[in-house]
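Each remark here refers to the structure printed beneath this line.
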Amino acid sequence: MRILISSLIIIFLTAFSLAIEISPEKPQIFNGYPIKSMAISTNPQTTVNFAEYMPYMQQDNEFYLSYMVDDIGSLMNSGYVQDINVNISANEESAVDITFNIKLNPMVRYIELSNMTILNQNIIKSKLYNKLNTPLNYAYISSDIQIIESAYHDQGYVLAKVTNVFFIKSVNSLIFNVDEGLVDNIVLSGAGQLNPMIILRELNMQPGKVFNINLVNEDKDIIFRSGYFSQVSMPKVAPSYVNPGKVDILYEVQQRKINNLQLGLEQLQNSKLSLALSLKLPNFRNSGEGLYFKGQGIIESYFKEYSYYVKYSDPWFTGRKLPLNLMVWHQINDEIVNNLATVRVQRIGGEANLEPYFFKQVKTIVGYRNEAVSDVAGVYSPYQKNSLKLTLLSDTTNDYNNPLSGSKTTIEMEKGNNLFNLINFGGIDFSRYTFEHSVYYNLYKKDVLAIRFSTGFMQFNTQSQIFEQDKFLIGGAYSLRGYPESYANLANAIIGNKKILLNVEYRVFLTEWLQGAIFIDGGIATDNDLQLDKLKWGKGVGIRILTPLAPLRFDFAIGDNNQFLLHFGLGQLF
């Protein structure tokens with residue numbers, strides 16, 4: 001007779017309406033009888049050892065109803081069992097023979113992770129406790145849910161969850177329904193009249209993508225580095241009112257006055273005064289395109305000598321994420337020629353470069369440069385520079401202005417006149433290669449040991465006199481501290497076709513806005529072979545005043561000649 005024992009109600013609920021049939025109807029009449037034989041009948045294909053779940057119903061043990069109930073509960077908790085039929089019979093020796101007929105749950109033929117789009121389903125399925133071609137196990141469901149959700153959460157998809165699980169008997173399919181946490185909208189509150197698309201198109205997170213906390217944190221930095229905002233809040237996540245089941249991401253931003261016009265006097269490196277005008281329009285058409293102009297005229301020549309520089313940038317050239325930069329310039333500067341004399345040099349040129357997206361972690365820049373170089377006085381022969389450039393940049397630092405950890409690497413190659421003798425575009429024949437690597441170690445709190453190594457090599461296959469700007473320069477606030485700027489300074493010039501430079505700094509925060517540093521620099525530039533014993537060394541201490549724009553840097557340095565110099569710069573040296 002099929003009955004449901006009242007003492008098994010809790011187990012019954014746990015086992016999803018499991019049916020128990022026990023014969024005879026009142027098995028407690030055998031309490032105290034020894035168990036002569038104990039048999040378990042189940043699907044012969046199963047590999048599950050159910051005897052392990054039944055510590056009391058064993059041969060030679062005494063039978064008690066409460067013990068049998070415990071064993072039945074253990075079988076049910078195994079998760080494999082659908083029905084249990086127990087037959088108890090007494091024999092001539094005042095003992096009982098017991099048979100457990102166990103009906104297993106259906107075999108799992110298919111496992112489906114419904115709505116999973118961003119993770120590898122096969123990898124996740126291989127980690128589940130429920131396996132193909134084994135009986136369905138309800139007890140494993142909660143563990144399998146945790147495995148699925150942890151796989152998402154470990155990769156930053158923190159909103160992903162398993163919403164329901166069901167088994168379709170007709171096709172023996174175990175189905176986990178996954179809600180990955182799709183993004184419906186991204187809002188910049190406080191952006192004013194700024195076209196939000198010029199920011200949103202740069203972000204990792206986009207409407208329709210799965211929410212990822214790691215990418216959202218990166219997006220916060222992207223928004224701030226765009227230069228349009230002085231403050232960017234931590235992102236807030238809220239359910240979408242338009243599309244239930246999805247989420248909105250909200251950033252509170254404070255707009256920055258980005259257009260800039262400046263007019264003033266500047267002292268040039270040759271100590272002459274110039275009247276300078278600069279104009280910055282980083283978003284002049286409200287589409288992300290930037291325009292920058294700087295012009296200056298030397299007062300002492302009654303503005304007959306003038307220079308200008310114009311740059312146009314489009315971060316989404318042709319409507320794709322393909323940054324385009326166009327530059328043109330006209331410059332007149334004092335430059336050293338062949339370490340012999342200082343002359344007035346005119347440079348008129350232009351450059352175009354693109355930043356194709358080849359690698360996620362490496363920025364690639366390819367460009368073409370054209371420049372006409374001439375001596376204003378006409379003493380030295382003019383020359384033309386036509387070259388192709390390739391630059392690779394990798395940056396894993398955590399802060400542009402004040403990195404505490406990570407590294408930066410730059411590799412640049414420039415070839416003038418021809419490309420491997422396949423294409424000839426005229427001008428002087430030269431090759432230029434540079435390599436620079438910086439690394440940052442966070443040693444204590446915000447203390448940082450920063451190290452930069454830079455080297456370069458140039459080769460000219462021309463008879464022309466080469467002017468200073470076309471070689472490597474060492475010395476001054478941005479390279480080798482403790483030595484004067486070598487630019488247009490014949491007495492202190494450190495110039496050459498080869499260079500090597502090492503900078504080591506230990507930076508310590510004194511307050512939230514003030515940082516101290518001790519440093520040592522070593523470097524040399526020469527046309528001859530690089531020799532380490534010829535390196536020039538500088539050392540000293542410095543302070544950095546942290547501002548919202550960039551750190552103001554003051555370095556007090558001493559070189560090999562014990563000359564004391566104060567260097568001033570904007571931003572960290574590296």
| task | Please go through segment 124-147 and pick out each residue that is of a type in the set (A, V, I, L, M) and either free of Cβ contacts under 8 Å to residues at least 12 places away in the same chain or surrounded by 19 or more Cβ atoms within 10 Å (Cβ to Cβ) (or both). | result | ILE124, LEU128, LEU136, ILE141
| Could you say whether any residue in segment 430-445 is surrounded by fewer than 17 Cβ atoms within 10 Å (Cβ to Cβ), without any contact (Cβ under 8 Å) to a residue 40 or more places away in the chain and more than 24 Å from GLY571 (Cα to Cα)? | yes
| request: Go through the residues of segment 27-37 one by one and say whether even a single one is farther than 16 Å from SER94 by Cβ and in contact with a strand residue (DSSP E or B) (Cβ under 8 Å, 6 or more places away or on another chain). | output: no
| message | Restricting to segment 367-379, count the residues that are assigned to a strand (DSSP E or B) and either among the small types (Gly, Ala, Ser) or crowded, with 17+ Cβ neighbours inside 10 Å (or both). | response | 8
| query | Which numbered condition trips up SER464, out of (1) open to solvent by less than 50 Å² (accessible area, probe 1.4 Å); (2) farther than 30 Å from ASP429 by Cβ; (3) in a loop (DSSP other than H, G, I, E, B)? | reply | (2)
| request: Tell me which residues, restricted to segment 478-510, are open to solvent by 10 Å² or more (accessible area, probe 1.4 Å), more than 16 Å from LEU530 (Cα to Cα) and assigned to a strand (DSSP E or B). | output: VAL504, TYR506, VAL508, PHE509
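Test SER66 against the criterion of being assigned to a helix (DSSP H, G or I), farther than 30 Å from SER170 by Cβ and polar (S, T, N, Q), and give yes or no. Full working, then the answer.
On the way: assigned to a helix (DSSP H, G or I): yes; farther than 30 Å from SER170 by Cβ: yes; polar (S, T, N, Q): yes.
Yes.
Return yes or no: is ASN212 on the phi > 0 side of the Ramachandran plot, surrounded by 15 or more Cβ atoms within 10 Å (Cβ to Cβ) and of a type in the set (S, T, N, Q)?
Values: on the phi > 0 side of the Ramachandran plot: no; surrounded by 15 or more Cβ atoms within 10 Å (Cβ to Cβ): yes; of a type in the set (S, T, N, Q): yes.
When the stated conditions are applied, ASN212 does not pass them.
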| Sole residue being modelled with pLDDT of 90 or more and either in a loop (DSSP other than H, G, I, E, B) or not small (Gly, Ala, Ser) (or both), chosen from LEU275, LEU279, LEU261, LEU265 | LEU279
| message | Given the condition over 31 Å from the mean Cα position of the chain (by Cα), over 30 Å from TYR228 (Cα atoms), part of a strand (DSSP E or B) and not charged (D, E, K, R), answer yes or no: does some residue in segment 177-190 qualify? | response | no
| task | Starting from segment 32-56, take each residue that is of a type in the set (Val, Ile, Thr) and list its partners that are part of a helix (DSSP H, G or I), counting only C-beta distances under 8 angstrom and pairs at least six apart or across chains. | result | ILE40/PHE50; ILE40/ALA51; THR42/PHE50
| Selection from segment 27-51 of residues that are open to solvent by less than 40 Å² (accessible area, probe 1.4 Å) and in contact with a helix residue (DSSP H, G or I) (Cβ under 9 Å, 6 or more places away or on another chain) | PRO27, PHE30, PHE50
| query | How many residues does segment 557-574 contain that are open to solvent by 30 Å² or more (accessible area, probe 1.4 Å), within 36 Å of the chain's Cα centre (by Cα) and modelled with pLDDT of 90 or more? | reply | 0
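Right, ILE336: open to solvent by less than 60 Å² (accessible area, probe 1.4 Å) and either among the β-branched types (Val, Ile, Thr) or on the phi > 0 side of the Ramachandran plot (or both) or not?
Values: open to solvent by less than 60 Å² (accessible area, probe 1.4 Å): yes; either among the β-branched types (Val, Ile, Thr) or on the phi > 0 side of the Ramachandran plot (or both): yes.
Yes.
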| request: Assess whether ILE102 counts as being at pLDDT 90 or above, in a strand (DSSP E or B), of a type in the set (Val, Ile, Thr) and under 21 Å from ASN130 (Cα atoms). | output: yes
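Listed here are the residues, each with its yes/no results for (1) touching a residue at least 24 places away in the same chain (Cβ under 8 Å); (2) under 20 Å from the mean Cα position of the chain (by Cα).
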| residue | (1), (2) |
| --- | --- |
| ILE199 | yes, yes |
| GLY208 | yes, no |
| ILE222 | no, yes |
| ARG225 | yes, yes |
| TYR228 | yes, no |
| VAL232 | no, yes |
| TYR241 | no, no |
| Matching residues in segment 351-366 - criterion: being assigned to a strand (DSSP E or B) and surrounded by 14 or more Cβ atoms within 10 Å (Cβ to Cβ) | GLU351, ALA352, ASN353, LEU354, LYS363, THR364, ILE365, VAL366
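Here is a yes/no grid of residues against (1) charged (D, E, K, R); (2) open to solvent by 60 Å² or more (accessible area, probe 1.4 Å); (3) at pLDDT 95 or above:
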position: ASP154; (1), (2), (3): yes, yes, yes
position: ALA160; (1), (2), (3): no, no, yes
position: VAL165; (1), (2), (3): no, no, yes
position: SER170; (1), (2), (3): no, yes, no
position: VAL178; (1), (2), (3): no, no, yes
position: VAL183; (1), (2), (3): no, no, yes
position: LEU194; (1), (2), (3): no, no, no
position: LEU203; (1), (2), (3): no, no, yes
| field | Any hit, segment 253-261, residues being of a type outside the set (S, T, N, Q) and open to solvent by 90 Å² or more (accessible area, probe 1.4 Å) | value | yes
| message | Looking at MET107, MET54, MET76 in this structure, which one is surrounded by 13 or more Cβ atoms within 10 Å (Cβ to Cβ), within 30 Å of VAL171 (Cα to Cα) and touching a helix residue (DSSP H, G or I) at 6+ places or on another chain (Cβ under 8 Å)? | response | MET76
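The values are calculated or read from the model by the stated rules, or taken from the named source; none is laboratory data. All of these numbers come straight from a predicted model, not from anything done at the bench. For neighbour counting, all protein chains shown are included, and Cβ atoms are generated from backbone atoms with ideal geometry for every residue, glycine included. Surface areas here come from the heavy atoms of the whole protein model, side chains and all, with no ligands, DNA or RNA. Shrake-Rupley method; radii C 1.70, N 1.55, O 1.52, S 1.80 Å.
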